[in-house]
1. Do you know which of the residues in the stretch 43-73 that are exposed (fewer than 12 other Cβ atoms within 10 Å of the Cβ) and out of contact with any Phe, Trp or Tyr (no Cβ under 8 Å at 6 or more places or on another chain) is nearest to M1 (Cα to Cα)?
2. So which strands (runs of 3 or more DSSP E) stay within the stretch 1-77 end to end and still have 2 or more residues that are within 17 Å of P89 (Cα to Cα)?
3. What are the residue pairs meeting all of these: first residue in the stretch 14-26, first residue more than 13 Å from P108 (Cα to Cα) and free of Cβ contacts under 8 Å to residues at least 12 places away in the same chain, second residue assigned to a strand (DSSP E or B) and not β-branched (V, I, T), Cβ atoms under 6 Å, and 6 or more apart or on different chains?
4. Scan the stretch 91-103 residue by residue and report those that are out of contact with any strand residue (DSSP E or B) (no Cβ under 7 Å at 6 or more places or on another chain) and either buried (at least 18 other Cβ atoms within 10 Å of the Cβ) or of a type in the set (G, A, S) (or both).
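The values are calculated or read from the model by the stated rules, or taken from the named source; none is laboratory data. For clarity, every value in this text was computed on a predicted model and none was experimentally measured. Every residue, glycine as well, gets a Cβ built from its backbone with ideal geometry; the counts of neighbours run over all protein chains shown.
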Amino acid sequence: MDPLEPLRAICLALPEVEERLSHGEPAWFVRGRRTFVMYADHHHDDRVACWCAAPPGAQGEMVAAEPDRFFRPPYVGHRGWLGVYLDVPVDWAEVRAVVREAYRTVAPKSLVARLEG
């Protein structure tokens, strides 16, 4: 299965999200401004993954716990973003949770409140 389609559905289900290309790959933006997820189809290596904004400390914890599923992505990893491999057996419920947390990390409080309500 192409992981782009389920990832796209998860991202676009969130309030006021739009998709457009960034650096030649699909990316998702809150209100057209703030990127919260980027797709990486062999973008920097031979892997398929997504790169997600993450709250402080999440990247280190998740990479340490499961390095065959999570990684520090290039370019944005120094800002705490989390890489999620999509070319392994994927737990889509977990990806949904990671994407929602990425959204919460960058979205305005008013939109985050819509997720909670």
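1. Among those residues, the one meeting the criterion is D46.
2. Per the criteria, 34-41, 48-52.
3. If the second residue must be assigned to a strand (DSSP E or B) and not β-branched (V, I, T), the pairs left are E19/P26; E19/W28.
4. Passing the criteria: A93, A97, R100.
To keep it simple, each residue is scored yes or no on (1) modelled with pLDDT under 95; (2) in contact with a Lys or Arg (Cβ under 6 Å, 6 or more places away or on another chain); (3) among the acidic types (D, E).
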{"position": "L14", "(1), (2), (3)": "no, no, no"}
{"position": "H23", "(1), (2), (3)": "yes, no, no"}
{"position": "F29", "(1), (2), (3)": "no, no, no"}
{"position": "D45", "(1), (2), (3)": "yes, no, yes"}
{"position": "A54", "(1), (2), (3)": "no, no, no"}
{"position": "A58", "(1), (2), (3)": "no, no, no"}
{"position": "A65", "(1), (2), (3)": "no, no, no"}
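Rundown of residues vs (1) of a type in the set (K, R); (2) under 12 Å from the mean Cα position of the chain (by Cα), yes/no style:
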{"residue": "P3", "(1), (2)": "no, no"}
{"residue": "R8", "(1), (2)": "yes, yes"}
{"residue": "R20", "(1), (2)": "yes, no"}
{"residue": "G32", "(1), (2)": "no, no"}
{"residue": "H42", "(1), (2)": "no, no"}
{"residue": "P73", "(1), (2)": "no, yes"}
{"residue": "L82", "(1), (2)": "no, yes"}
{"residue": "L86", "(1), (2)": "no, yes"}
